[in-house]
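Nothing in this text is a laboratory measurement; each read-out follows from the coordinates by a stated rule. Here the structure is a predicted model, which means the values were calculated and not measured.
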Amino acid sequence: MKIRELIILLTLGTGTLRAQDAAPPSVDLYSGEKQQATTATPSPGPNGPDVPELSQLDEAFKKTSLGKKADEQQLHIEWRRLKNQVVRDPSVRAAEAATHTAHTDLEKRKRLREYYDVYYARMAALASTAQIKVALQALKGTHINQTSQPRVRPTPTPEGYTPAPAPTPAHKQKKHKK
């Protein structure tokens, strides 16, 4: 008995599913007058102006500036990312270790310049945009300028030059007694 009920339910169920199919497009739903009026009107044009593709919009917004502060922040983030990658490089580590083993100040400044050359060359090789490369060149110039000592004997002393002796306190007392 249960099997018969199940078969009957299945046959009724498939019949109702077919009743839900869409009508074919050739079915005339309008009367003759309305059909002629609807086919006589021209098709409407596209709605609104031409809209660019999504990829074109993405490119347009990548090129525009978000403001000076936001650009500086993005530049700083990119610089930190590059710095974290370069710090682990063996050639950069070797150049940095060489700066710590210098015996004189002149030698240390020379090794620091070599380190900055290696460090910033590696960062420039990994940089993705021209803007970050320009910023890296500016930072490199700043660091290398810090290693110079322009006030310490900027030119060699001429031959035969003897500096005048510094006045002593006794010499100053003799001038006052006269």
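Would you mind classifying segment 76-122 by shape? Square roots of the alpha carbon gyration tensor eigenvalues, ordered a ≥ b ≥ c; an a/c under 1.5 is rounded, otherwise it is prolate if a/b is larger than b/c and oblate if not.
Prolate, since a/c reaches 1.5 and a/b exceeds b/c.
Does segment 89-151 classify as rounded, prolate or oblate by the C-alpha gyration tensor (a ≥ b ≥ c root eigenvalues; a/c under 1.5 gives rounded; else a/b over b/c gives prolate, otherwise oblate)?
Oblate is the answer for segment 89-151, as a/c is 1.5 or above yet b/c matches or exceeds a/b.
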